[in-house]
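In what follows, a single structure is set out as structure tokens and then discussed.
The values are calculated or read from the model by the stated rules, or taken from the named source; none is laboratory data. Computed from a predicted model, the values in this text were never measured in an experiment. Note: ideal-geometry Cβ built from the backbone for every residue, glycine included; neighbour counts use all protein chains shown. These area figures cover heavy atoms from the full protein model, side chains too; ligands, DNA and RNA do not enter into them. Shrake-Rupley method; radii C 1.70, N 1.55, O 1.52, S 1.80 Å.
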Amino acid sequence: DNMKPGPRIKCSLCTRALKKIQKMAGDNPDEDAVKAALQKGCRGLGRVLGKLCQRMVSQYQEQISEGLQNGDTPRDICTAMGICKA
């Protein structure tokens, strides 16, 4: 199973994806804005990363949504989800 990305790759994918999603959701997003951004956010990452991103988003949707609405940084959200090391 060589397709599993290492922890560093996962962390940078997570922060990259969330930065993109955060930008799409806007400065003070409500739940709907975040939801829409989550659905679109993974699309521009290419096929393999896009798939990983979708999986991450569906698994952690609540946390991501909450974090973005609280104004947390992508890095903080990824760390809270256990994807990045603190």
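Checking the table Lys10/Lys35; Lys35/Lys85; Lys40/Lys85; Lys10/Lys51; Lys20/Lys51 against a 19 Å threshold on Cα-Cα, which pairs fail?
Numbers: Lys10/Lys35 21 Å; Lys35/Lys85 26 Å; Lys40/Lys85 26 Å; Lys10/Lys51 12 Å; Lys20/Lys51 15 Å.
Going by Cα-Cα distance, Lys10/Lys35; Lys35/Lys85; Lys40/Lys85 fall outside the 19 Å limit.
For the chain, build the charge dipole from Cβ charges (+1 Lys, Arg; -1 Asp, Glu) around the Cα centre, then report which of Ala36, Gly71, Met56 sits farthest towards its positive end.
Met56
Only one of the values (i) 160; (ii) 78; (iii) 92 was calculated from this structure for volume of the Cα convex hull per residue in Å³; name its label.
(ii)
About the Cα centre, and with charges only on the beta carbon of Lys, Arg (+1) and Asp, Glu (-1), how big is the dipole of the chain? Nearest 20 debye, please.
Around 680 debye, computed over the chain.
Spin-label point model (7 Å from Cα, Cβ direction): what's the Val48 to Lys35 distance in nm?
In this crude label model, Val48 to Lys35 measures out at 3.3 nm.
State, as an integer percentage, the relative contact order of segment 7-81 based on alpha-carbon contacts under 8 Å between residues 6 or more apart.
Relative contact order for segment 7-81 comes out at 38 percent.
Summarise the accessible area of the chain (1.4 Å probe, protein heavy atoms) by the percent that is carbon and sulfur.
47
Leaving out ligands and nucleic acids, and using a 1.4 Å probe, what accessible area per residue does segment 7-81 come to in Å²? Walk me through the numbers on the way to the answer.
Details: 4730 Å² over 75 residues.
Per residue, segment 7-81 has 63 Å² of solvent-accessible surface.
Top to bottom by accessible area (1.4 Å), largest first, where do Met24, Met81 land?
Met24, Met81
Each residue of segment 81-86 in order: what ³J(HN,Hα) in whole Hz does its phi give by Karplus 6.51 cos²θ - 1.76 cosθ + 1.60, θ = phi - 60°, with x for Gly and Pro?
Those phi angles translate into 7, x, 8, 9, 7, 5 Hz.
Output ³J(HN,Hα) for segment 59-72: one whole-Hz value per residue in order, computed from phi by the Karplus curve 6.51 cos²θ - 1.76 cosθ + 1.60 with θ = phi - 60°, and x for Gly and Pro.
Ordered by residue, 3J(HN,Hα) equals 6, 10, 3, 4, 5, 5, 4, 4, x, 5, 5, 7, x, 5 Hz.
Write out the trypsin sites (Lys or Arg not before Pro) in the chain meeting two conditions: DSSP loop, and at most 14 other Cβ atoms within 10 Å of their Cβ.
Sites meeting the loop and neighbour criteria: Lys85.
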